[in-house]
Structures are given as C-alpha cells and as structure tokens.
C-alpha cells in the first residue's frame, strides 16, 4: 500500500494547472504583463516537451472581479458571467502566445462561443490532451456562484487527471497568513481531514470538498519565480501537498 502523504512525482503525468488572473497581470495588478506571460508559456512548453499532459484553468481577476464589485445592487449572475468571460479572454491570449511559439494548444469554453473557442466536453478535451495539446478550459463551470478553483477541480476529476497544481504567490500552505502572523508555520503536506479540522485555507470550501470527495490531490506552490512550475511537479519536497 502506497503512502498517500508522500508526493510521488513519477505518478503525476497528467495535471491541471490553476492560475489566477492576477498572476498574469504581474506587478501592475491589471491586464497582462508581457514578461510574465512570456515566461509562463516557456515553462509550459518545457513541461509539455518532457511529456506531461497539461490542462489549465485561469481566473479572470486581472480583467474583472465580480465578487468585489462595489455596486452590490447589481445582479450577481450578470457579474459572475462577466468574470467568466474574462477567463476566456485570458485563455485565448495565453493560447495564442503558445501557438506563436509553435506549441500545440487549444481553448475550450464552457459557454457556446463557436467563433472564438470550441465548446467544452470531456471527450473532446481528453482527445486533445492525448494528441499532446495544452488545453485551456475557460469560462469557469459556466455557472454563477462557482469559483474558478471549483472549475479546476471539477475538470480535473472529469478528465481523470493526476493532480491539481494551484499556482500562488506564496511557497505553499501556512498555519496562518504569513504576511500578518510572524509565527505562521509552513506546512509541507496535509490530509484533507487535517485541512478541514484546522480550517486551513487551501481553496474555497466547494472546490475543496469536491477534491476531498473524489480523492483529487492538490499541490500549492509559488509560480512567481522561474522554474518553480517544473519544480512543483518533480521535487517532492517543494510546495505543499494536500492528499486524501
């Protein structure tokens, strides 16, 4: 019987990368940072060339954040739809950069937008992954009130991927917010049960519950430094591994 608490790089060959929109914005906090997008796409190509299957779910916060909108009287459903459309813009942009570098990639949208992207379905994306394409799964779940974290976990389960890689601006999970609490301790690995008992903020509860119920492991890592994406997959000691 294998130890579920130990990250086994050799078993993580088909992965879901969850990237927030804010990562794409770099220091500006809005729109796209050309250097960041160039570096990220180079790192994705390196992973693909090593034989990894890669699906990507992007957030849309660099373009629009519905949840933090000040005019609360506006319809939440409409605001969430705008946010989900922002994720499609992000996917189209990164996909286009990959294509310009000679890397096979494709965008699939949860919304029917046949002029700009194929409509998401599990069989179509599974086939594209098998063909070696980097697949962007855009538009969230296609439903309001669900985060892109939930979309990432859901798609990873549907596609029978090995791992959800949650890219962040910190090295992994801490016992408290390290920016606010100098005594916050780094957590290298934790079970789903421990995360629930200690209320460790891996991701929103809907996404986390979905991962726990379906035994989908998660690795949290810092993507702001070059080489960390590959390191998160190949170095068992790097980042935080959340497991059944």
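Just so it is clear, none of the values below were taken in a lab; they were calculated from the coordinates. Worth saying up front: this structure is predicted, and the values here are computed from it rather than measured. Glycine gets a Cβ as well: all are built from the backbone with ideal geometry, and neighbour counts include every protein chain shown.
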- Task: Work the Kirkwood hydrodynamic radius out for segment 1-55: mean of 1/r over every pair of different alpha-carbon atoms, inverted, in Å.
- Result: 13.3 Å
- Taking every DSSP bridge whose two residues both lie in the chain, the antiparallel percent to the nearest 5 is 15 percent
- Message: So if I take the alpha carbon set of segment 106-159, get Rg, then get Rh from the Kirkwood formula, what is the Rg over Rh ratio?
- Response: 0.95
- Query: Highest mean first, what order results for 151-159, 138-146 on Cβ atoms within 10 Å?
  - Reply: 151-159, 138-146
- Message: With only alpha-carbon atoms in the gyration tensor, what are the semi-axes of the equivalent ellipsoid for segment 129-233, in Å, largest first?
- Response: 24, 18, 13
- Note on the structure: One point scatterer per Cα, no solvent, Debye formula: log10 I(q)/I(0) for segment 138-193 at q = 0.21, 0.25, 0.30, 0.31 Å⁻¹ comes out as -0.93, -1.03, -1.16, -1.19
- Query: Which order do peptides 100-108, 121-129 fall in by mean Cβ count within 10 Å, highest first?
  - Reply: 100-108, 121-129
- Evaluate the Kirkwood expression for the hydrodynamic radius of segment 26-92, namely the inverse of the mean inverse distance over all pairs of different C-alpha atoms, and round to one decimal in Å. 13.7 Å
- Item | Between segment 90-117 and segment 124-165, the Cα center-to-center distance that results, in Å | 14 Å
- Could you give the nm distance between label points at residue 72 and residue 104, where each point is 7 Å from its Cα heading toward the beta carbon? 5.0 nm
- Order of 174-185, 109-120 by packing, highest average Cβ count within 10 Å first? 109-120, 174-185
- Return a whole-number percent for the relative contact order of the chain, with Cα pairs under 8 Å and 6 or more residues apart as the contact set. 23 percent
- Determine, at each q value in 0.27 (inverse angstroms), the log₁₀ of I(q)/I(0) that the Debye formula gives when each Cα of segment 56-141 is one equal point scatterer. -1.30
- Task: Send over the per residue convex hull volume for segment 166-228, Cα only, as a whole number of Å³.
- Result: 93 Å³
- Stokes-Einstein diffusion coefficient of segment 1-153, Kirkwood radius over Cα pairs, 10 °C, 1.306 mPa s, in µm²/s: 98 µm²/s
